[in-house]
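First comes the structure, then the notes that go with it.
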Amino acid sequence: MIGDKHVVQCSILGVPAFRHYGTEIANGAIVDNSWRYGYRRVDSLAEMAGGRPTWVEESNATLEQRLEAARRAESMIGHCYAYSLLGNNCEHFANWCRTGVAFSQQVIDGLRTILGAALMAAGVILLAAGFSAARAAEA
């Protein structure tokens, strides 16, 4: 349906790795943003998916909101702004089309994971340093 946010599951070596997003416009065409092509119109979801699993992210958007999402998507076709995995990827674009706000939950989740791992590593280092300091004080 016009204004829908379509999702394609992309895998690396058979393991789900990330998702690719696009916004449906008239006649079932999709507009997406990719590092390779910039903002482009794709004739069908099947073409965008390339045989990979797909689904539509649920929305309770009104017809007016769906039309606005499609209008935003169409307004970007042919533009080639700097693609950025962290700041301007396909999910940023699809969310901007839908809500007017560009964000990527995949990026947020990835940064949260990296930050969590860094904090755990820092905790282990501080714990080890504390044990070393305690042993040195005992001696």
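Per-structure values
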| read-out | value |
| --- | --- |
| Computed FRET value (nearest 0.05) for A26 with R52, which takes r as the C-beta separation and R₀ as 35 Å | 0.90 |
| The chain: most fluctuating residue of H20, H79, H92 per GNM, C-alpha cutoff 10 Å | H79 |
| Listed candidates (1) 1.09; (2) 1.47; (3) 0.96 - label of the one calculated as Cα Rg over 2.2 N^0.38 Å | (2) |
| Rounded to whole Hz, the Karplus (6.51, -1.76, 1.60) HN-Hα couplings of region 69-83, x for glycine and proline | 4, 5, 4, 4, 4, 4, 5, 9, 3, x, 6, 10, 5, 4, 6 |
| Under Karplus coefficients 6.51, -1.76 and 1.60, residue-wise ³J(HN,Hα) of region 95-103 in Hz, glycine/proline x | 5, 5, 4, 6, 10, x, 10, 8, 8 |
| Relative packing of 52-64, 98-110, which averages over residues the other C-beta atoms within 10 Å, highest first | 98-110, 52-64 |
| Counting DSSP beta bridges with both ends in the chain, the antiparallel % (nearest 5) | 100 percent |
| Degrees separating the helix 105-138 axis from the principal Cα axis of the chain, which is the longest one | 0 degrees |
| Selected from G116, G50, G87 as most flexible by GNM, with the chain as the system and alpha-carbon contacts under 10 Å | G116 |
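Since every read-out is calculated from the coordinates, none of them should be taken as a lab result. What you see is a predicted model; the values in this text were computed from it and never measured. As a convention, Cβ positions derive from the backbone with ideal geometry for all residues, glycine included, and neighbour counts pool all protein chains shown.
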